[in-house]
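Input: a single structure, listed below in structure tokens.
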Amino acid sequence: MICLGIESTAHTFGIGIVDENGTILANTRHTLETEKGGIHPVKAAQAHILYYDELIKSALKSANINLEDINLISFSQGPGLGQCLRTGAVAARSLSGMLNIPLIGVNHCVAHLEIGLLEGATDPVLLYLSGANTQVIAYAAGRYRVFGETIDIVIGNGLDKFAREVGMGFPGGPK
């Protein structure tokens, strides 16, 4: 079983390929960086469209597989920027239909928590700060639990603004 995943929640468009054991076979991405300001959703979605073909070809080459070897397509279903999410969803649906294979939407926040589980964390708690999404999520007793969330206190945007003001550039969170 081989899964191709598409990440398109904001400024980064990524293609990941994993096997049934969770082994990462490929991880390619393009990040739209801006000199001033933050993410302009339409421009980010346009960049996703421009780089999609190149990224998928690069991921398949890196994984040393053909498109026909893919058994499942996954994509970031949200939260994120609407235009960017839509671009990834259209790409995912197109591939799924073309290859006649299943399609599964993934919650972006939960995916971050899953990374912790893959790295060996037990019952992790995540403070998720991304743009306008702020959530406290935990994994306990085999379930995800959201302890609090808001889309009106934009801590992630604050980190980005701070990074730009001190000359670190955008996106500020990772930097």
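A few remarks follow.
- Kyte-Doolittle at least -1.0, axis length at least 24 Å by Cα - qualifying DSSP helices, the chain: 41-63, 82-99
- Order by protection proxy (mean Cβ within 10 Å, highest first), peptides 12-18, 114-120: 12-18, 114-120
- Here the peptides 83-96, 60-73 are ranked by packing, the mean other Cβ count within 10 Å, and the order with the highest first is 83-96, 60-73.
- Rolling a 1.4 angstrom probe over the protein heavy atoms with all chains in place gives the chain an accessible area of 58 Å² per residue.
- In the chain, the ratio of gyration radius to Kirkwood radius, Rg to Rh, stands at 0.97 when only Cα atoms are counted.
- Fraction of beta bridges assigned by DSSP in segment 67-170 that are antiparallel (%, nearest 5): 70
- Computed label-point distance, nm, for sites Asp69 and Glu165 using a 7 Å Cα→Cβ extension: 4.9
- Ligands, DNA and RNA left out, the accessible area of segment 22-175 computed with a 1.4 Å probe is 55% carbon and sulfur.
- Each of Val110, Phe147, Gly78 was scored by the projection of its Cα onto the charge dipole of segment 23-158, and the greatest displacement toward the positive side belongs to Gly78; charges sit on the C-beta of Lys, Arg, Asp and Glu.
- Bridge orientation summary for the chain: considering DSSP beta bridges with both residues in this region, about 75 percent are antiparallel.
The values are calculated or read from the model by the stated rules, or taken from the named source; none is laboratory data. These numbers were taken from a predicted model, which means no experiment stands behind them. All Cβ positions, even for glycine, are placed from backbone atoms using ideal geometry, and neighbour counts span all protein chains on display. Heads up: the accessible areas ignore ligands, DNA and RNA and are worked out on the full protein's heavy atoms, side chains in. Shrake-Rupley method; radii C 1.70, N 1.55, O 1.52, S 1.80 Å.
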